[in-house]
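Novice: Quick one: the structure is below, questions incoming.
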Amino acid sequence: MTYTIKSPQLGAQPIASTRSAFTGTGRSTPWKLGDVIQAIDPIYGAGEFIYLLGCASTVVGSVVTFGGNSSGTPTYQTALAPATANLAQPLAVAMSANVASQYGWYQISGNAVVATNGTLAAGPAPVYLAGSGQLTSTGAAGKQVLNAQNVTATGTPATAQAVVAIDRPFAQGAIT
């Protein structure tokens, strides 16, 4: 994936990279946590991306939850999406191996390459949380990812990955 930011800024962090420095006025990026931008890829098309704080064990394509606060101030902290029913949290897809204490871009709309548990069938069809930042097409009550449907089966574009169309996805929150 070679996403190009639509409105580039001097010193702009590429979509598929991470940064470890992000403090005070001397931060090494023009972005702020929670910033949303648009970028385009010649294969996957246009997408939207949000700037977030990474978590341990993140790989390219990990599905994460994000949010949290500290004394009422948003932290934009990510966590690998668990296979928890009725989670009711926003989701995003890691564009880099953006681990703990690093900062990077996460896709929130467009055709996203996501990590799967090996059982994502060809679409279009609903997708569900599979745990450890992965998705599956195996239905489970309360685990559907809303505003998302698979485009390809696991294995396309690579092993343990699939393409899923997303539009600001979130984990189902209703009791089923």
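The values are calculated or read from the model by the stated rules, or taken from the named source; none is laboratory data. Owing to the predicted nature of the structure, the values given are computational and were not obtained by experimental measurement. Neighbour counts run over all protein chains shown; Cβ positions are idealised from the backbone, glycine included.
Novice: Can you tell me which condition GLY68 does not meet? The list is (1) in contact with a Lys or Arg (Cβ under 6 Å, 6 or more places away or on another chain); (2) part of a strand (DSSP E or B); (3) at pLDDT below 95; (4) not β-branched (Val, Ile, Thr), and all the others hold.
Specialist: Condition (1) is where GLY68 drops out.
Novice: Applying the selection to region 124-143, what residues are in a strand (DSSP E or B) and aliphatic (A, V, I, L, M)? Even if it seems obvious, please write down each step before you answer.
Specialist: Let us first name the residues in region 124-143 that are in a strand (DSSP E or B), namely 126-131, 134-136.
Scanning region 124-143 gives VAL127, LEU129, ALA130, LEU135.
Novice: Against the definition (out of contact with any helix residue (DSSP H, G or I) (no Cβ under 7 Å at 6 or more places or on another chain), within 16 Å of ALA81 (Cα to Cα) and modelled with pLDDT under 95), how does GLN172 come out, yes or no?
Specialist: Yes.
Novice: Can you find a residue that is in a strand (DSSP E or B) and over 21 Å from ALA130 (Cβ atoms) anywhere in region 82-95?
Specialist: Looking only at region 82-95, we keep the residues that are in a strand (DSSP E or B), and these are 90-94.
Retained after the next criterion (residues that are over 21 Å from ALA130 (Cβ atoms)): none.
No.
Novice: Right, another one. Which one of these is of a type in the set (Val, Ile, Thr) and within 20 Å of PRO157 (Cα to Cα): THR84, THR65, THR75, THR58? Talk me through it step by step, then tell me what you get.
Specialist: Numbers: THR84 fails: within 20 Å of PRO157 (Cα to Cα); THR65 fails: within 20 Å of PRO157 (Cα to Cα); THR75 fails: within 20 Å of PRO157 (Cα to Cα).
Within the list THR84, THR65, THR75, THR58, the selection yields THR58.
Novice: Pairs please, first residue from region 95-121 and more than 17 Å from ASP35 (Cβ to Cβ), second anywhere and of a type in the set (Phe, Trp, Tyr) and at pLDDT 95 or above, Cβ atoms under 8 Å, 6+ apart in sequence or on different chains.
Specialist: Here the result reads ASN111/TYR44; ALA112/TYR44; VAL113/TYR44, each pair linking region 95-121 to a residue that is of a type in the set (Phe, Trp, Tyr) and at pLDDT 95 or above.
Novice: Looking only at region 71-81, filter to residues that are in a strand (DSSP E or B) and hydroxyl-bearing (Ser, Thr, Tyr); which one of those is modelled with the highest pLDDT?
Specialist: As a first pass, look at region 71-81 and keep what is in a strand (DSSP E or B): 73-80.
Those left that are additionally hydroxyl-bearing (Ser, Thr, Tyr): 73, 75-76, 78.
On the way: THR73: 88, THR75: 91, TYR76: 93, THR78: 96.
Across region 71-81, the extreme among qualifying residues is THR78.
Novice: Among what's in region 21-31 and is surrounded by 11 or more Cβ atoms within 10 Å (Cβ to Cβ) and either of a type in the set (Val, Ile, Thr) or at pLDDT 70 or above (or both), pick the residue that is farthest from PRO90 (Cα to Cα). Even if it seems obvious, please write down each step before you answer.
Specialist: Of the residues in region 21-31, the ones surrounded by 11 or more Cβ atoms within 10 Å (Cβ to Cβ) are 21-22, 27-31.
Going one step further and asking which of them are either of a type in the set (Val, Ile, Thr) or at pLDDT 70 or above (or both), we end up with 29, 31.
Numbers: THR29: 24, TRP31: 20 Å.
So, considering only residues that are surrounded by 11 or more Cβ atoms within 10 Å (Cβ to Cβ) and either of a type in the set (Val, Ile, Thr) or at pLDDT 70 or above (or both), the one farthest from PRO90 (Cα to Cα) is THR29.
Novice: I'd like the residue in region 144-165 that is touching a strand residue (DSSP E or B) at 6+ places or on another chain (Cβ under 9 Å) and assigned to a loop (DSSP other than H, G, I, E, B) and, out of all such residues, is surrounded by the fewest Cβ atoms within 10 Å (Cβ to Cβ).
Specialist: We begin by selecting, within region 144-165, every residue touching a strand residue (DSSP E or B) at 6+ places or on another chain (Cβ under 9 Å); these are 144-158, 160-165.
Now drop any that are not assigned to a loop (DSSP other than H, G, I, E, B), which leaves 151-155, 157-158, 160.
Values: VAL151: 18, THR152: 18, ALA153: 16, THR154: 23, GLY155: 13, PRO157: 13, ALA158: 11, ALA160: 15.
So the residue we want is ALA158.
Novice: Scanning region 94-142 for residues that are of a type in the set (Ser, Thr, Tyr) and surrounded by fewer than 17 Cβ atoms within 10 Å (Cβ to Cβ), which turns out nearest to ALA158 (Cα to Cα)? Steps first, answer last, please.
Specialist: Of the residues in region 94-142, the ones of a type in the set (Ser, Thr, Tyr) are 96, 101, 103, 106, 109, 116, 119, 128, 132, 136-138.
Right, trim to surrounded by fewer than 17 Cβ atoms within 10 Å (Cβ to Cβ) and you get 101, 119, 132, 138.
Details: SER101: 27, THR119: 13, SER132: 18, THR138: 20 Å.
Filtering region 94-142 for residues that are of a type in the set (Ser, Thr, Tyr) and surrounded by fewer than 17 Cβ atoms within 10 Å (Cβ to Cβ), the one nearest to ALA158 (Cα to Cα) comes out as THR119.
Novice: Here is a follow-up. Which of the residues spanning region 50-65 are outside any strand (DSSP E or B) and touching a residue at least 60 places away in the same chain (Cβ under 8 Å)? Please lay out each step first, then the result.
Specialist: Of the residues in region 50-65, the ones outside any strand (DSSP E or B) are 54-62.
Matches in region 50-65: SER57, THR58, VAL59, GLY61, SER62.
Novice: Please determine, by comparing only the residues of region 166-176 that are of a type in the set (A, V, I, L, M) and assigned to a strand (DSSP E or B), which one is nearest to the chain's Cα centre (by Cα). Even if it seems obvious, please write down each step before you answer.
Specialist: Start the filter on region 166-176 by keeping residues that are of a type in the set (A, V, I, L, M), which leaves 166, 171, 174-175.
Now narrow it down to the ones that are assigned to a strand (DSSP E or B): 166, 171.
Details: ILE166: 10, ALA171: 12 Å.
For region 166-176, the residue satisfying everything is ILE166.
Novice: Right, TYR106: in a strand (DSSP E or B) and over 12 Å from the mean Cα position of the chain (by Cα) or not? Spell out how you get there, then give the answer.
Specialist: Details: in a strand (DSSP E or B): yes; over 12 Å from the mean Cα position of the chain (by Cα): no.
No; evaluated as a whole, the condition is false for this residue.
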